[in-house]
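Undergrad: Below: one structure in structure tokens.
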Amino acid sequence: MTLTKISHPISLEKIRLLVSKSIQYRRAILKLIYTAKAGHTGGSLSCVDILNVLYNHVMDITPQNFNQVNRDRYVHSKGHSVEALYAVLADKGFFSTELLDNVEKYCSDFIGHPTRSVLGIEQNTGALGHGLSVAVGMALAAKKDGRSDRIFTIMGDGELTEGSIWEASASAAHYRLDNLIAIIDHNTLQITGRTEHVMNMEPLEAKFTAFGFAVRHVDGNNVEELVNLLENVPFEPGKPNLVLAHTIKGKGISYMEDQIQWHHRVPTDSEYAAAMLELDAAEKHLEKTDGRF
Amino acid sequence: MGGFNLQIGKTNLDTFAQTLMELAAIDRDILVLTSDSRGSGRVTPFAEKFPEQIVEMGIAEQNLVGVAAGLASAGKKVFVVSPACFLTARALEQIKNDVAYSDHPVKLIGISAGVSYGSLGTTHHSLHDFAALQAINNIDILAPADNFETIRAIRAAVNYPRPIYIRFGKKAMPNLHTPDTHFEIGKAIQLTPEREKYDVALIATGETVAPAFMVSQILTEQGVSSCVLSLHTLRPFDENAVERAAARSEVVITVEEHSVNGGLGSRVASFLMQAGVFRPLRIVGIPDEHTITGSQGEIFNHYGISAQALAQTALHLLEKEAA
């Protein structure tokens, strides 16, 4: 089995398309949080560019192959940022975008965390520190059966204080799961404050390296950087992959960026309108440029 | 139906391990996951014979169960073999979310359950597992009484479509059944002859079925008739069998190797009250106190889980009822 993909430079058109999708997804995230009057705004905006690149460029997961065994898999370990996942899955055709009007409504399948009741979602998450273990199991199954499936998961940086993350990390390296790609949405904020103040887990790179991961840094809000990095897994054969994606919580909406109150704040009418104007402006800017930041 | 002179079989643990070897030989999707527990789980021969079908996860129960969920979601038939005390407490959130809520048909095998590790103390007792798991939706719960029930339960578990928890101990168990006994998950087995009326219904699960069965002999000698049910499956709960046994009996006694809170007895009592079957009832199990230590047999004797003590409990209950 080989996991090495031949890397080729991504076209400017593709980057422009991905950047455009990120804007579209940010609109969808804010709309559904504004409609539901609930949601985890900041974290969804910080991880959406990663999800965009995974679903639109890196992973082989479609509504058509979702019931097949032989395909890539994604586990949304930071389950509270479900709005970003809903936005991307709707765009990928897993379900109709109109269904997102039902998020967090009575008896809706679209609840405030991912569940398998929604097509495209692999694993029920919400309690933190669970996704990496499940991803290890999926990666192990692929290795056992000699399949080339790759398993991706996004974890929050606040989540890293869960002990189960480190149990899972040991097992990922022990079983040489180079088909496992763990991505940390490193926005440095959690509900109480800065992650390093709540419970300092730095140095993260040294910790994950010591546990046996091949660690890479990336600007997690830059689609071109994400593409260039994630096209080239495994980083080192025989080692699980760990991406420290440096992101900005609330990314894309100026007054939300790096502001702790936007962890799970819902925009008011005027804030929502202002956010939409910013995204319109971002789109106009994109039309005049090559899509690079 | 067994005779009263019960023949001693093997431990349910050894029976489980042997059964799994037979099944794994013909089904390569069967995987065993251990938490440094292959020796305690009697799966060392399995590991030697099927090295590709065992995955050691180290002493890390949370990851053990999460990984099992991931493997099952990718089509593997995963048996998690880990001491019941740790598996159902340390990894309870993984059982709840990764397995039950996410609906992956993992088979959780709680070894050395109840007070099998009696002298090692409360850390090693699992007297909470029925209570904890009964409060979690979408996981079935089994406690086989003897080798026969163990073999049938493990065979049924392989392709079982739902999450399932099976617990047993490590003491050699008497054979309670003949090979032609019908076993089905969710269907209690009556061990005593069918009658229209009984004095006592004894409803037991797991390794307390044997003493409950022996009570029936003592009671018969005293002219007291009894209906003994092996309720090997706590969920799905066999309402028909329990209602039938209770409705035909003057008094009801439940017996379990579990806390008296939240286990078999609580379930039976709650069901019978709501079904409108009102009978004097005793829940025999481990009381709500610091559990004493000793061998499994000593702890059973201490808390009245023996044929002699259960017979006395039955007679007292009948006397009170008659008074």
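Undergrad: Got at least one residue in the stretch A:40-51 being surrounded by fewer than 16 Cβ atoms within 10 Å (Cβ to Cβ) and outside any helix (DSSP H, G or I)?
TA: no
Undergrad: From the list B:Asp103, B:Asp29, exactly one residue is within 14 Å of another protein chain (Cβ to nearest Cβ), under 24 Å from B:Phe130 (Cα atoms) and surrounded by fewer than 22 Cβ atoms within 10 Å (Cβ to Cβ). Which is it?
TA: Details: B:Asp29 fails: under 24 Å from B:Phe130 (Cα atoms).
Just a single option satisfies the conditions, and that option is B:Asp103.
Undergrad: Filtering the stretch A:127-141 down to residues that are in contact (Cβ under 8 Å) with a residue 24 or more places away in the chain and at the interface with another protein chain (Cβ under 7 Å from one of its Cβ atoms), which residue is surrounded by the most Cβ atoms within 10 Å (Cβ to Cβ)?
TA: Among them, the one singled out is A:Val134.
So that you can scan it fast, the table gives a plain yes or no per residue for (1) of a type in the set (Val, Ile, Thr); (2) part of a loop (DSSP other than H, G, I, E, B); (3) within 21 Å of the chain's Cα centre (by Cα):
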position	(1), (2), (3)
A:Arg176	no, yes, no
A:Asn200	no, yes, no
A:Lys207	no, no, no
A:His217	no, no, yes
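Undergrad: If you don't mind, another one. Considering only residues of the stretch B:37-59 that are more than 14 Å from chain A (Cβ to nearest Cβ) and among the β-branched types (Val, Ile, Thr), which is nearest to the chain's Cα centre (by Cα)?
TA: The extreme case among them is B:Val43.
Undergrad: Is it true that A:Gly156 is away from every other protein chain (no Cβ under 13 Å), over 23 Å from A:Pro63 (Cβ atoms) and buried (at least 24 other Cβ atoms within 10 Å of the Cβ)?
TA: The answer is yes for A:Gly156.
Undergrad: Checking A:Ser254 against (1) farther than 23 Å from A:Ile23 by Cβ; (2) touching a residue at least 24 places away in the same chain (Cβ under 8 Å), only one condition comes out false. Which one?
TA: Among (1) farther than 23 Å from A:Ile23 by Cβ; (2) touching a residue at least 24 places away in the same chain (Cβ under 8 Å), the lone unmet condition for A:Ser254 is (1).
Undergrad: So, one more: Does A:Ala282 count as of a type in the set (A, V, I, L, M), part of a helix (DSSP H, G or I) and either touching a residue at least 40 places away in the same chain (Cβ under 8 Å) or touching a Leu at 6+ places or on another chain (Cβ under 7 Å) (or both)?
TA: yes
Undergrad: I've got another one for you. Report, by residue number, each residue of the stretch B:60-90 that is outside any helix (DSSP H, G or I) and within 9 Å of chain A (Cβ to nearest Cβ).
TA: Hits for the stretch B:60-90 are B:Ala60, B:Ala74, B:Gly75, B:Lys76, B:Val78.
Undergrad: So if I check each of A:Gly93, A:Gly112, A:Gly146, which one is surrounded by fewer than 22 Cβ atoms within 10 Å (Cβ to Cβ), within 17 Å of the chain's Cα centre (by Cα) and more than 10 Å from chain B (Cβ to nearest Cβ)?
TA: Working: A:Gly93 fails: within 17 Å of the chain's Cα centre (by Cα); A:Gly146 fails: within 17 Å of the chain's Cα centre (by Cα).
Answer to the selection: A:Gly112.
Undergrad: Next question, about the same structure. Does at least one position in the stretch A:231-253 carry a residue that is of a type in the set (Val, Ile, Thr) and closer than 17 Å to A:Arg150 by Cβ?
TA: Step one: list which residues in the stretch A:231-253 are of a type in the set (Val, Ile, Thr), which gives A:233, A:243, A:247-248, A:253.
Keeping just the survivors that are closer than 17 Å to A:Arg150 by Cβ gives A:233, A:243.
Yes, the stretch A:231-253 has at least one match.
Undergrad: Only one of (1) within 30 Å of A:Leu180 (Cα to Cα); (2) of a type in the set (A, V, I, L, M); (3) touching a residue at least 24 places away in the same chain (Cβ under 8 Å) is not met by B:Ala156, so which one is it?
TA: (1)
FYI, it's all coordinate maths here, none of it is from the lab. Remember, it's a predicted structure, so these values are computed and weren't measured experimentally. Heads up, the Cβs are rebuilt from the backbone with ideal geometry, glycines too, and the neighbour counts pull from every protein chain shown.
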